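Okay, structure first, notes after.
The values are calculated or read from the model by the stated rules, or taken from the named source; none is laboratory data. As the structure is a prediction and not an experimental result, all values here were calculated from the model. When we count neighbours, we look across all protein chains shown, and the Cβ atoms used for this are built from the backbone with ideal geometry, even at glycine.
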Amino acid sequence: MLAAIWGASYMFIAIGLRDLDPVMIAFLRIALAALVLAPFAASRRAFAGLRERLAILVLLGAVQAAGPWVLLALGQQEVSSSLAGILVASTPIFAALLAIRFDREERAEGLRLVGVGVGIGGVVVLLGLDLGGSSAALLGGLAIVLASLGYAIGGFMVKHRFGPVQPIGIAAGVMLASTILLAPAAAFYLPAEMPAIGPVAAVAALGVVGTGIAFVIFYELMTTVGPARTFVVTYLAPAFAVVYGAALLDEEITVATIAGLALIVGGSYLAAEGRLPWARPPSRPPAGAVPPPPGGEAAAQPGIALRPSPSEAGRER
């Protein structure tokens, strides 16, 4: 269900773009998600520890929510929702590349390094074959890839700067900070006339269900079935994005689309897991693992790349 919700995010963005500016879509998505997540986090006293990290929280909001979601909507002005869903799944590949310089625990080697190469090949296939015929489409695809890079950077920021803070508190805090960041820009992009009910409903669903409620489901899964099973959703969501785009938005699905999907999702799996799908998983997640982001952007993502809190990790072990 979570993969189906996150996979629909790109479809909702495509519908919202019919009448709303990309900046307004990102702002409404984040603001509505904040309305859902803030009370939930407060009820769990999950904001503890954020006050002394306020400056880095604002930076995290810019890098992993406000910035990427504006870029994603901008990119989807030129790129289909199905291709956007596939390209966002490249986040673990960027995480593995960044780890070479910034995180020795996450450094890619063996099958993880193979996964990086396979995933990059998938990105090249999509950008070169599906989007290479139009400079505008190519720029749109690059904007979406840049959003994925932002997700990966944010994941390392969370790992190294927010360790003792509850993940749901970080998610809610990021949404609140991002709402404030985008509010001035959104004021300049108010629609000149009342948008149609379809785009309004799509953006409302994107914010309330696709981001807010989806994050609640995500963290409930983290504490009940554990991170390893929960993050399987990251590899399922792009397939849902392709199905929604083809079935509901009449988007063209080419051979390059399917090839790019297989290469990026397969490469992302290897880059994140370091093992073949049929190999026996480790008894516990690797120390300091940075999972792919949730939130409809693979999360996302979704979304925001977060680890379980120390108490949650202890219960799982």
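Give me the pairs: first residue in segment 210-227 and under 19 Å from G85 (Cα atoms), second residue crowded, with 18+ Cβ neighbours inside 10 Å and of a type in the set (D, E, K, R), beta-carbon distance under 6 Å, and six or more apart or on different chains, which are they?
Listed pairs, sorted by first residue: T211/R29.
Among the candidates A177, A186, single out the residue that is assigned to a helix (DSSP H, G or I) and either exposed (fewer than 15 other Cβ atoms within 10 Å of the Cβ) or under 20 Å from the mean Cα position of the chain (by Cα) (or both).
A177
Being among the charged types (D, E, K, R) and either modelled with pLDDT under 80 or closer than 21 Å to S178 by Cβ (or both) is the filter here; which residues of segment 212-239 pass it?
The one that is among the charged types (D, E, K, R) and either modelled with pLDDT under 80 or closer than 21 Å to S178 by Cβ (or both): R229.
Does R51 qualify as being surrounded by fewer than 18 Cβ atoms within 10 Å (Cβ to Cβ) and either at pLDDT 95 or above or touching a helix residue (DSSP H, G or I) at 6+ places or on another chain (Cβ under 8 Å) (or both)?
So R51 fails the test.
Look through segment 142-159, keep the residues that are touching an Asp or Glu at 6+ places or on another chain (Cβ under 8 Å) and surrounded by fewer than 24 Cβ atoms within 10 Å (Cβ to Cβ), and return whichever of them is farthest from S268 (Cα to Cα).
Only one residue tops the list, namely K159.
If you go through segment 184-202 one residue at a time, how many are in contact with a Phe, Trp or Tyr (Cβ under 7 Å, 6 or more places away or on another chain) and under 21 Å from A62 (Cα atoms)?
Summing the residues that are in contact with a Phe, Trp or Tyr (Cβ under 7 Å, 6 or more places away or on another chain) and under 21 Å from A62 (Cα atoms) in segment 184-202 gives 1.
In segment 195-223, what residues are among the hydrophobic types (A, V, I, L, M, F, W, C) and not in a helix (DSSP H, G or I)?
A196
Which ones in segment 160-174 are crowded, with 21+ Cβ neighbours inside 10 Å and assigned to a helix (DSSP H, G or I)?
Within segment 160-174, P167, I168, G169, I170, A171, A172, G173, V174 qualify.
Starting from residues that are acidic (D, E) and more than 15 Å from G75 (Cβ to Cβ), keep the ones in segment 106-141 and report whichever is surrounded by the most Cβ atoms within 10 Å (Cβ to Cβ).
Checking each candidate, the answer is E106.
Being of a type in the set (G, A, S), crowded, with 24+ Cβ neighbours inside 10 Å and either touching an Asp or Glu at 6+ places or on another chain (Cβ under 7 Å) or over 11 Å from V174 (Cβ atoms) (or both) is the filter here, so list the residues in segment 54-78 that pass it.
A73, G75
Inside segment 20-100, counting only helices (runs of 4 or more DSSP H) that do not spill past its ends, which hold 2 or more residues that are out of contact with any strand residue (DSSP E or B) (no Cβ under 6 Å at 6 or more places or on another chain) and closer than 24 Å to G140 by Cβ?
Filter on segment 20-100 gives 22-43, 67-75, 81-88.
Across segment 175-220, what is the total count of residues that are farther than 24 Å from Y244 by Cα and among the hydrophobic types (A, V, I, L, M, F, W, C)?
The number of residues fulfilling the criteria is 14.
Kindly evaluate A108 against the criterion of being outside any loop (DSSP other than H, G, I, E, B) and either of a type in the set (A, V, I, L, M) or at pLDDT below 90 (or both).
Considered against the rule, which asks whether it is outside any loop (DSSP other than H, G, I, E, B) and either of a type in the set (A, V, I, L, M) or at pLDDT below 90 (or both), A108 comes out as no.
Condition first: small (G, A, S) and more than 25 Å from G267 (Cβ to Cβ). Now tell me which residues in segment 211-245 satisfy that.
Selection gives G212 alone.
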